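Beneath this line is the structure, given in structure tokens, with notes to follow.
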């Protein structure tokens with residue numbers, strides 16, 4: 001009997017459905033008076049308090065490059081220590097700018113497997129500490145075939161923008177509309193790096209970075225942390241706090257370099273992951289009420305909303321121009337302000353997207369609250385589309 | 001009915017028990033004519049071929065610092081691309097020198113959750129490409145409180161060695177015995193970086209690195225890759241190839257800095273993870289037939305074998321001196337040659353330990369084969385003991 005009780009099977013929980021029961025984040029921006037660990041711990045403590053749990057079993061930390069930004073690898077262990085959660089397991093997960101989404105997915109599997117009941121998934125990045133950010137971010141591209149030859153991320157996305165404009169008659173103004181919308185949403189988000197609105201003219205006349213992308217087409221360099229608490233659906237029900245269900249977790253890869261792709265106007269990692277996520281949750285794109293998508297550059301939001309199936313291919317530009325993705329539109333996109341206005345501390349971004357979904361689905365999005373938020377989608381992307389995670393969350 | 005079929009539950013496999021069905025690794029050493037991606041792909045292809053699977057559902061890559069060693073982050077995506085496995089999900093996992101163990105554990109959870117059936121867990125590092133290796137490795141320690149003040153890894157472990165010698169009368173010769181034993185084992189391993197044996201005298205007279213640790217007390221700087229294929233136990237049985245069962249997967253954290261610890265002569269992350277692993281598998285330390293442990297420095301092997309419960313606290317030194325951990329001893333330790341002689345490409349090490357366990361348990365360890373190998377343990381450690389993974393594997 002004792003043997004039976006202690007067998008691996010008996011030690012495991014049921015596993016299965018997973019919920020998000022609490023969230024916390026720092027303000028995103030230039031947090032010069034806070035270190036990497038300060039930022040993470042602030043977000044994690046808020047999430048733990050918000051969830052009402054009295055412990056966590058394990059934690060994952062999404063960080064793109066602790067090594068290049070602040071000279072610190074072993075980021076999971078550092079954060080466990082400063083959170084006061086030693087000796088629980090702590091692991092850092094990296095998938096460039098999709099590190100947060102990948103950390104959430106790792107936590108999801110651990111809970112779903114039944115080996116842990118309550119797992120924290122966080123993300124953090126400290127980008128303003130003096131490192132050469134453009135060089136550090138370039139390590140998300142193909143170092144041997146792209147970076148050595150001088151490519152930068154604005155350059156990669158500028159090529160996609162040119163191709164999209166050529167193939168689908170997407171206009172320069174349509175790109176600008178993405179920035180205008182996201183700055184408007186960001187102005188309503190107390191945690192956003194930029195709470196200033198931007199006019200179409202301001203975007204169109206901002207400094208050229210990589211033709212056709214201008215300064216206000218680009219997400220900023222940011223510091224920030226975000227964390228959420230996942231647990232079994234069963235446990236969430238017992239806690240009697242607001243929670244949402246993780247309805248799907250999907251991930252896909254694309255080629256690391258642009259030159260290996262058949263098309264520059266689609267992101268295969270997005271369409272493949274979307275297909276998996278919709279199949280897993282047995283819903284269609286039009287069932288989704290709102291989405292947080294990876295608008296590292298304005299063109300990215302346009303391509304991604306097409307590849308998620310929200311709009312016909314080539315119609316992403318006209319859709320944003322027509323207001324279909326605005327706060328009161330058919331499918332609000334980036335109600336948080338997106339990477340563009342909320343900020344983009346790369347490792348934290350994927351978790352912050354989950355947080356916005358949670359806030360909307362639990363009716364806590366304040367001035368940004370949309371009506372009838374039942375199903376939200378978070379799409380996080382690494383590099384120029386070499387990795388993508390998609391999570392669908394459902395109000396309970 | 002269709003709804004039922006497509007529900008998340010119906011899409012999931014049973015989950016549960018997990019097996020390792022195939023392994024592959026490169027030779028460890030100074031692989032100047034191979035890039036990071038070449039090395040990984042070589043190991044991964046060998047593992048896929050060795051396992052007999054016709055596809056993989058997902059992959060994890062353990063790498064400590066692609067950013068600092070070779071200027072490449074987003075390592076999971078790069079490897080998926082060059083392995084030809086796009087669009088399957090690929091995620092990089094980091095826990096300093098325990099990155100491989102952590103990658104294996106992530107793959108384990110994904111299979112155990114029932115969301116995937118066949119997952120590749122690999123590890124890779126390219127350390128000889130010109131980066132400042134001592135600086136890069138130091139990012140596994142506490143950057144703000146240790147590294148800024150000039151500490152290096154040999155320095156950290158030298159402090160532990162001094163404390164252990166003081167507290168338990170461990171001798172300088174006993175440290176050297178670890179190196180002699182592991183070089184002897186490494187001489188029998190075709191994949192080892194060093195196939196040369198070392199005498200007690202050679203170790204005792206090698207260049208001083210950080211008193212009392214000398215050059216031959218330290219694991220080398222290495223390039224190398226390793227990969228294994230995990231799948232559900234059910235699937236493994238169908239394949240009709242040699243496989244082993246994952247009997248336990250445990251992980252724990254310790255404080256990132258040495259100054260936060262009550263003792264320098266124990267590694268809490270090891271004892272906590274060991275306790276969990278033995279509980280999960282319902283066995284005792286003396287049930288284990290052999291182990292691969294994290295001998296980044298000779299003193300580490302001595303402390304770890306104590307904290308795993310193989311020897312009484314303080315008796316690790318005398319045990320190696322008496323030959324208890326030799327190939328024909330009571331509990332052979334590091335039959336592969338360990339980090340010391342096999343080499344230590346940091347991200348690959350944890351996976352290479354699993355490979356040695358697999359080879360021993362399936363009777364394929366050649367000249368290193370031990371008798372009655374039924375239960376093997378792999379202990380992988382990050383930094384100076386801020387993270388530790390332990391896996392117990394069982395012959396079937």
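Derivation of every value follows stated rules applied to the coordinates shown; laboratory data play no part. Quick caveat: nothing in here was measured; it's all calculated off a predicted structure. Methodologically, a virtual Cβ is constructed for each residue, glycine included, from the backbone with ideal geometry; neighbour enumeration extends over all protein chains shown.
Return, for the Cα atoms of the range B:356-396, the radius of gyration and Dmax in Å, separated by a comma.
Calculated on Cα positions, Rg and Dmax stand at 12.3, 35 Å.
Any chance you could run the full-extension gain for residue B:149 through residue B:49? It's 0.36 nm times the residue separation minus the Cα-Cα distance, nm to one decimal.
Value of the extension gain: 31.3 nm.
How do the peptides B:21-27, A:182-188, B:108-114, B:298-304 rank, highest first, by the average count of neighbouring beta carbon atoms within 10 Å per residue?
Ranked from most to least packed, the peptides come out as B:298-304, B:108-114, B:21-27, A:182-188.
Label residue A:260 and residue A:237 with points 7 Å out from Cα along Cα→Cβ: what is the distance between them in nm?
The modelled label-to-label distance comes out at 4.5 nm.
With 10 angstrom as the radius, rank A:321, B:356, A:201, B:73 by how many other C-beta atoms surround their C-beta, starting from the fewest.
Ordered by Cβ neighbours within 10 Å, fewest first: A:201, A:321, B:356, B:73.
Going by alpha carbons, how many degrees (0 to 90, nearest 10) lie between the helix axis of B:153-168 and the longest principal axis of chain B?
So the inclination is approximately 60 degrees.
Taking the Cα atoms only, what angle lies between the long axis of helix B:298-307 and the longest principal axis of chain B, rounded to 10 degrees?
70
Counting pairs of alpha carbon atoms under 8 Å apart in space and at least six apart in sequence, what relative contact order in percent does the range B:194-330 give?
Once normalised by length, the contact order is 18 percent.
What three numbers, in Å, describe the spread of the alpha carbons of chain B along their principal axes, ordered from the longest?
Principal-axis extents of the Cα atoms in chain B, largest first: 71, 44, 39 Å.
From largest to smallest, what semi-axes in whole angstrom does the protein assembly as shown give when each is the square root of 5 times an eigenvalue of its alpha carbon gyration tensor?
The answer is 44, 27, 24 Å, longest axis first.
Once you keep just the Cα pairs under 8 angstrom separated by 6 or more residues, what percentage relative contact order results for the range B:100-173?
Across the range B:100-173, relative contact order equals 18 percent.
Which order results if B:28, A:153 are arranged by neighbouring Cβ count within 10 Å, fewest first?
A:153, B:28
What percent do you get for the relative contact order of chain B when only Cα pairs under 8 Å and 6+ apart count?
Relative contact order, chain B: 25 percent.
Taking the Cα centre of each part, how many Å lie between the range B:81-130 and the range A:129-198?
Cα centroid to Cα centroid, the span is 29 Å.
Just checking the output field for A:269-280: average partner chain Cβ neighbours within 10 Å of each residue's Cβ?
2
How would you classify the range B:196-270 from its alpha-carbon gyration tensor, with a ≥ b ≥ c the square roots of the eigenvalues: rounded for a/c under 1.5, else prolate if a/b is greater than b/c, otherwise oblate?
oblate
Tell me, A:175, B:375 in order of fewest to most beta-carbon neighbours within 10 Å?
B:375, A:175
Give me the angle, in degrees from 0 to 90, between the Cα long axis of helix A:99-112 and the longest principal axis of the Cα atoms of chain A, rounded to the nearest 10.
Here the helix axis deviates by roughly 30 degrees.
Is the C-alpha gyration tensor of the range B:279-396 telling us rounded, prolate or oblate? Criteria: a/c under 1.5 is rounded; beyond that, a/b larger than b/c is prolate, otherwise oblate.
Taking the square roots of the gyration eigenvalues as a ≥ b ≥ c, the range B:279-396 is rounded.
Percent antiparallel among DSSP beta bridges with both residues in chain B, to the nearest 5?
If we restrict to bridges inside chain B, about 75 percent are antiparallel.
Convex hull over the alpha-carbon atoms of the range A:144-207: what's its volume per residue in Å³?
Taking only Cα atoms, the range A:144-207 has a hull volume of 120 Å³ per residue.
Is there a simple number for the mean count of other chain Cβ atoms within 10 Å of the Cβ of residues in B:114-124, and what is it?
Mean partner shielding for this stretch: 1.
Please report Rg over Rh for the range A:141-266, where both radii come from the alpha carbon positions and Rh follows the Kirkwood definition.
Ratio value, two decimals: 1.07.
What is the mean number of Cβ atoms from other protein chains located within 10 Å of the Cβ atom of each residue in peptide A:101-108, rounded to a whole number?
For peptide A:101-108, the averaged partner shielding equals 4.
Which semi-axis lengths, in whole Å and largest first, follow from the square roots of five times the eigenvalues of the Cα gyration tensor of the range A:323-363?
19, 13, 6
Please figure out what share of the DSSP beta bridges in the protein assembly as shown is antiparallel and state it in percent, rounded to the nearest 5.
75
Return the FRET efficiency for the residue pair residue A:169, residue A:129: r is the Cβ-Cβ distance, R0 is 30 Å, and the value is rounded to the nearest 0.05.
For residue A:169 and residue A:129, the calculated efficiency is 0.10.
Roughly how many whole Å is it from the C-alpha centroid of the range B:200-229 to that of the range A:265-342?
Here the two parts' Cα centres lie 52 Å apart.
How large is the translational diffusion coefficient of the range B:61-180 in µm² per second when you combine the Kirkwood radius over alpha carbon pairs with Stokes-Einstein at 10 °C and 1.306 mPa s?
Estimated diffusion coefficient is 94 µm²/s.
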